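Read-outs throughout are calculated quantities, based only on the coordinates presented, and are distinct from any laboratory measurement. What you see is a predicted model, and the numbers here were worked out from it, not measured in a lab. All Cβ positions, even for glycine, are placed from backbone atoms using ideal geometry, and neighbour counts span all protein chains on display.
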Amino acid sequence: MAGPATLQALNARIVACNLCPRLRAHCVEIAQKRRRAYADWQYWGRPVPSFGDPEARVLALGLAPGAHGSNRTGRPFTGDGSGDFLYPVLHAAGFASQPTATSRDDGMKLNGLWIASVGRCAPPGNKPTPEELRNCAPWLDVEMRLLKELRVVVCLGRIAFDGLLAHESRLGRMPKRATYVFAHGTEYNLPDGLIAIASYHPSLQNTNTGKLTRAMLLSVFKRARQLAGL
Ligand code: SF4
């Protein structure tokens, strides 16, 4: 995709994207119905732009917005259980200015980190279709080109990990994809010099069951800092 020249311009294009009719309809419907606890909220209801430090050396790559999280607040991982688990870890690892993320105007600043996802619209059941992920993939290609200081990608979950590998493949840089296996804490040197770290996604399903603990996720982000030379 020829595309926007800045991350800010890219975000503006993402917010206006309408390529996936099923997802756009779903996000609008959720924004209209709302959850009782958020009845007073004006839901975002659009594709969720990425967030963070344009000079970031580390990219945290997620799956897709949560229906009542970032589809409500308009910022990645903000306002739901995944974010309530992730942001305190980012704060402890030195990437986030504060441990709590509640809204776009809560004062949060990221330092050295950019947060994006392989799907930018909240999907029904948290499951985008393969076609929807393919529709959204060009945004990631542009984004990674614009992140000039990028060194490390933390893939939050298998779908994000596969999305990063697909990105490398599209650019002709992934000759032996079968050797890249998703497992929590594994690191891979990619052909273009980036380092990928695989992590379980901080979903409630993983964090409530102890599959992913705070110590495990903190270890991943501390390692990312180290690998990025921060
Ligand atoms: S998921 Fe991505 S490609 Fe599909 S409508 Fe949302 S922003 Fe556009």
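Its DSSP H runs of at least 4 residues, each contributing -39,500 (n - 2.57), put the calculated 222 nm mean residue ellipticity of the chain at -11000 deg cm²/dmol, to the nearest 500. If you take all other residues with their beta carbon under 14 Å from the beta carbon of residue 191, and give Lys and Arg +1 and Asp and Glu -1, the sum is +2. Whole-percent P(r), region 56-118, all Cα pairs, 5 Å bins from 0: 4, 20, 31, 30, 13, 2. Directionally averaged projected area (region 106-153, Cα convex hull): 4.7 nm². Report for the chain the percent antiparallel among DSSP-assigned beta bridges with both residues inside it, nearest 5. Close to 30 percent. With the convex hull of the Cα atoms taken as the outline of region 1-58, the averaged projected area works out to 5.7 nm². State the answer as a single residue: which of 31, 51, 90 lies farthest towards the positive end of the charge dipole of the chain, with beta carbon charges of +1 for Lys and Arg and -1 for Asp and Glu, about the Cα centre. Farthest along the dipole direction, towards plus: 31. With a cut-off of 12 Å between beta carbons, the residues surrounding residue 229 carry a summed charge of +2, where Lys and Arg count +1 and Asp and Glu -1. Take 120-129, 36-45 and order them by the average number of nearby Cβ atoms within 10 Å per residue, most first; the result is 120-129, 36-45. One equal scatterer on each Cα of region 55-179, no solvent, Debye formula: the resulting log10 I(q)/I(0) at q = 0.14, 0.16, 0.18 Å⁻¹ is -0.61, -0.80, -1.00.
The lysines within cross-link reach of residue 127, meaning a Cα-to-Cα straight distance under 24 Å and a gap of 8 or more places when in the same chain, are 33, 211. Within the shell defined by Cβ-Cβ distances under 11 Å, the residues around residue 141 carry a net charge of 0, with Lys and Arg each +1 and Asp and Glu each -1.
Translational diffusion coefficient of region 1-108 (Stokes-Einstein, Kirkwood radius from Cα pairs, 37 °C, 0.692 mPa s): 222 µm²/s. The charge dipole of the chain, taken about its Cα centre with unit charges on the Cβ of Lys, Arg, Asp and Glu (plus for the first two, minus for the last two), comes to roughly 260 debye.
Across the chain, the convex hull enclosing all Cα atoms gives 115 Å³ per residue.
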